[in-house]
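Below: the structure, in structure tokens.
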Amino acid sequence: MNILAFGEVMLRYTVNDHKMLEQTDDMTVTTVGTGVNLLSSLAHFGYDTSILTVLPDNPIGKKAAADLRKLGISDRKIIYQGHNIGSFFVELGFGPRPQRVTYQDRLSSAFSRSKIEDYDFEKALTGVDIVHICGIALSLTDQTRKAAKKLAQVAQSRNKTVCFDFNYRMSLNSEIDHETMKKRYQEILPYVDIVFGSKRDLTDLLDYQIDDETELYKKFCVEYQINFFAGSRRSIVDGEKYFEGFLFHHDKIYRSSKHKLNIIDRIGSGDAFASGVICGLLEKWTFEDILEFAVANSVLAQASMNDTPIFTKEDVFGYIDSDGSNDLIR
């Protein structure tokens, strides 16, 4: 199976030693992004992966592409133009201090400034089985939004499986009114087969007024002819943090068990969950097994540094088989 992701590639600057940004002169730089994170995980599961994006035509862009290759992601479909790349700073949380993310100006990145005419979607889809589109593209510029929608349309017309992640960010939409954003999501959803999101995405963004989750997800999937709707949720029980997932298909909600979290870095947890679901669907596992695998992959990702999951299937199954108690691999 060959999986293509469309979306922004970014540089992440992580403050070392759990310091705050104002305290440090030392940071670690990594190449990340929703598509990068998802593809990295799927590449480590053994699938062929590639990314369709735009990187600056300079050493920064070439460095990012080299990082993608290290993660097992093909860079052959990358377009090089422009001068800037989106970036953000991460201050790791500790105890009562939460993890904090500070974005740079993403709208000036080479990806955000790209035009729909820059992409040859027909060529990019050659040999591809599954396409993943990140919803953040709908929040950046009119051109990234149009490109995301066009890719979904072309992919659907070529009988490709189209995955879409809501990935709605309030910080990117402070100057865009609710009805405009709602319409943007409504325009792309008819071309999508698999959606990753949450109950809140449907009630707060798409304005569904249904409390019962089964009926809510059913109405959403019927209206847009969605085959699978999946997502994750966090909870706190007796002061301990837990992670779980759900999958809706054919009028039924499937749920995973709750898994205890030991968080080092929670960024990218949703991408790890999504890659686990995609893997399970490709392997035609039961929905219960798909969810346990996806949640386990995300739990492992959150117990590791950086956005990009690099666990193999064997790593994830090892966690599942030991119920997370295996503390030594020989």
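The values are calculated or read from the model by the stated rules, or taken from the named source; none is laboratory data. Note that the coordinates shown come from a computational prediction; the quantities given were computed from them, not determined experimentally. Because the Cβ atoms are built from the backbone with ideal geometry, glycine has one as well, and the counts that use them run over all protein chains shown. Each accessible area value is taken on the protein alone, full model and side chains, heavy atoms only, with ligands, DNA and RNA left out. Shrake-Rupley method; radii C 1.70, N 1.55, O 1.52, S 1.80 Å.
Structural remarks
- Student exercise, the stretch 4-106 dipole from Lys, Arg, Asp, Glu Cβ charges, in Debye to nearest 20: 240
- Accessible area of the chain divided out per residue, in Å², using a probe of 1.4 angstrom: 47
- Of the accessible area of the stretch 166-281, computed with a 1.4 Å probe over protein heavy atoms only, carbon and sulfur atoms account for 44 percent.
- C-alpha center-to-center spacing [the stretch 113-168, the stretch 18-87] in angstrom: 18
- Secondary structure note: in the chain, about 50% of the DSSP beta bridges are antiparallel.
- Kirkwood hydrodynamic radius (C-alpha pairs) into Stokes-Einstein, the chain, 20 °C and 1.002 mPa s, D in µm²/s: 106
- The stretch 173-330: C-alpha gyration tensor shape, a/c 1.5 cut-off, then a/b vs b/c: prolate
- Bridge type composition, the stretch 1-93 - antiparallel percent by DSSP, nearest 5: 30
- Charged-residue dipole, Cβ positions (Lys, Arg, Asp, Glu), the chain about Cα centre, Debye nearest 20: 640
- Mean separation of Cα contacts under 8 Å (6+ apart) over length of the chain, as relative contact order %: 15
- Local electrostatic count, Q143, Cβ distance below 10 Å [Lys/Arg +1, Asp/Glu -1]: +1
- Taking the helices alone, the chain has a mean residue ellipticity at 222 nm of -10000 deg cm²/dmol, built from -39,500 (n - 2.57) per DSSP H run of at least 4 residues and averaged over all its residues.
- Electrostatic bookkeeping for D120 treats Lys and Arg as +1 and Asp and Glu as -1; over the other residues with beta carbon under 12 Å from its beta carbon, the sum is 0.
- A crude spin-label estimate for the pair D211 and V101, with each label 7 Å from Cα along the Cβ direction, gives 3.2 nm.
- Segment I264..D129, full-extension length gain: 45.2 nm, with 0.36 nm per residue of separation and the alpha-carbon distance subtracted.
- Prolate/oblate/rounded call for the stretch 109-199, Cα gyration tensor, a/c under 1.5 rounded: oblate
- Cα-Cα over 18 Å, subset of K115/K150; K160/K313; K218/K252: K160/K313
- Among G46, G280, G239, the largest mean-square fluctuation in a Gaussian network model of the chain, built with springs joining Cα atoms closer than 10 Å, belongs to G239.
- Here the calculated FRET efficiency for Q81 and Y254, from their Cβ-Cβ distance with R0 = 41 Å, stands at 0.40, rounded to the nearest 0.05.
- When the C-alpha to C-alpha distance is required to be over 29 Å, the pairs from K19/K63; K77/K149; K70/K241; K77/K219; K182/K260 that qualify are K70/K241; K77/K219; K182/K260.
- Remark: spin-label model distance T24-D323 equals 3.7 nm, labels positioned 7 Å along the Cα→Cβ axis.
- Sum of side-chain charges, Y208 neighbourhood, beta-carbon under 12 Å (Lys, Arg +1; Asp, Glu -1): -3
- Shape of the stretch 240-280 from the C-alpha gyration tensor: oblate (a/c of 1.5 or more and a/b not above b/c, with a ≥ b ≥ c the square roots of its eigenvalues).
- Values of log10 I(q)/I(0), in the order q = 0.09, 0.11, 0.12, 0.15 Å⁻¹, for the stretch 1-153 under a Debye, Cα-only, solvent-free model: -0.30, -0.44, -0.52, -0.78
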